[in-house]
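**Q** Handing you a structure now.
Derivation of every value follows stated rules applied to the coordinates shown; laboratory data play no part. Predicted, not measured: the structure shown is a model, and the values here were computed from it. Because the Cβ atoms are built from the backbone with ideal geometry, glycine has one as well, and the counts that use them run over all protein chains shown.
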Amino acid sequence: MSEISVIAGPSSPELAAGIAKHLDAELVSAELRVFSDGESKIRIGKPSSKNCVVVQSTHPPVDTHLMQAMMMSMKCTGDGAKVCAVIPYLAYARQDKSFLEGEAISAALVARLLESSGVSKVITVDIHSKIASSYFSIDVLDVSSIPLLAEHASKMSLTRPIVVSPDTGGIQRAEEFARILKTDMMALKKSRDRNTGEVSVEERIDVDISGRDAILIDDMISSGGSIVKAAEVLHKNKAGKVYAMCAHALLLGDAAQRIFAAGVQDIIATNSIPGPYARVDLSAALAEAVRSSFS
Ligand code: R5P
């Protein structure tokens, strides 16, 4: 495999260090200055390789982190390097369509922006939709966190677990999780008001879940609204313990408190976004994805 330099973006220094360690690669730091008007200025060390991996998740402050990812990529490509951007949480992927008249397809814009900064490949984790990745003309490698999350769940002490997707869009994810956990799954019926963002979940379910521990699995937890509503429905249907697992724990505002108040025992996420619930380490899986991209 060719030599690789891993650039530790300001949003993901620990994950970058983990990836570099697994690859036995050089770790290059990025020095960040944020001016009082909010502009970032980044100075990266000199990578010794012409194969650079920029590691930068784009959780809040979303636009700032995205801009920083592009600045680092542009600097490396400007110096003649080939850049692979590891963006475990890819922001704007939910804006993959124009849901209401007048809305821009922001996921398409993000794809174009990253490409214009010189990135030749994106490695991400559980991208919100295939439509979002279709806007890239460069290669996008979408790493699934489900095997790692399911492996974590398999070590928990669970009573007759059932895997639950909070919406029908997440059925495949829940099926994969259930297959690994050797159990069954179900999907709730969620709808969201496109104007207010308000979520509702149908209370009636056609599976008997009484006394069974439920694992809610989603790609991301953002406001927590989907998990709160789903947990309420599961409790109304007499589920045992309810756990929330996801790839990306954005957990904005008081989301975690509201989730616990809805009777969720624990929140378990990957470290795509650093935080108190980032318990499942992605660095080995991402290092493997990088290795396959440069070999
Ligand atoms: C929606 O389709 C996604 O898969 C998540 O369910 C959603 O983005 C979670 O957002 P929130 O936590 O704000 O309900």
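**Q** Pairs of alpha-carbon atoms within less than 8 angstrom and 6+ residues apart define the contacts here; what relative contact order does segment 146-271 have, in percent?
**A** Reported relative contact order: 23 percent.
**Q** For the chain, what does the relative contact order come out to in percent, with C-alpha contacts under 8 Å and a separation of six or more?
**A** Result for the chain is 15 percent.
**Q** Which pairs break 25 Å Cα to Cα here: Lys46/Lys82; Lys121/Lys189; Lys21/Lys75?
**A** With Cα atoms farther than 25 Å apart: Lys121/Lys189.
**Q** Compute the angle between helix 62-78 and the longest alpha-carbon principal axis of the chain, please, reported from 0 to 90 degrees and rounded to the nearest 10.
**A** The answer is roughly 30 degrees.
**Q** By average Cβ neighbour count within 10 Å, what is the ranking of 94-107, 218-231, 249-262, 119-132 from highest down? Numbers along the way, then the final one.
**A** Working: 94-107: 13.4, 218-231: 23.1, 249-262: 17.8, 119-132: 20.9.
Taking the mean over residues of other Cβ atoms within 10 Å, the ranking is 218-231, 119-132, 249-262, 94-107.
**Q** What number, in nm² with one decimal, is the all-direction average of the projected area of the convex hull of the alpha-carbon atoms of the chain?
**A** Working: hull surface 63.0 nm².
If I average the Cα hull's projected area over directions, I get 15.7 nm².
**Q** Whole number please: convex hull volume per residue of the Cα set in segment 109-221, in Å³?
**A** Residue-normalised Cα hull volume stands at 125 Å³.
**Q** Please report, in whole Å, how far the alpha carbons of segment 83-160 spread along each principal axis, starting with the longest.
**A** Principal extents (largest minus smallest coordinate, Cα): 47, 35, 14 Å.
**Q** If you check each cysteine of the chain for another cysteine whose beta-carbon is under 4.7 Å away, which ones come up empty?
**A** Cys84, Cys246
**Q** Let me ask something else. Could you grab the relative contact order for segment 53-172? Cα pairs under 8 Å, six or more apart, rounded to a whole percent.
**A** On the way: 163 pairs, mean separation 26.1, N = 120.
Contact order relative to length: 22 percent.
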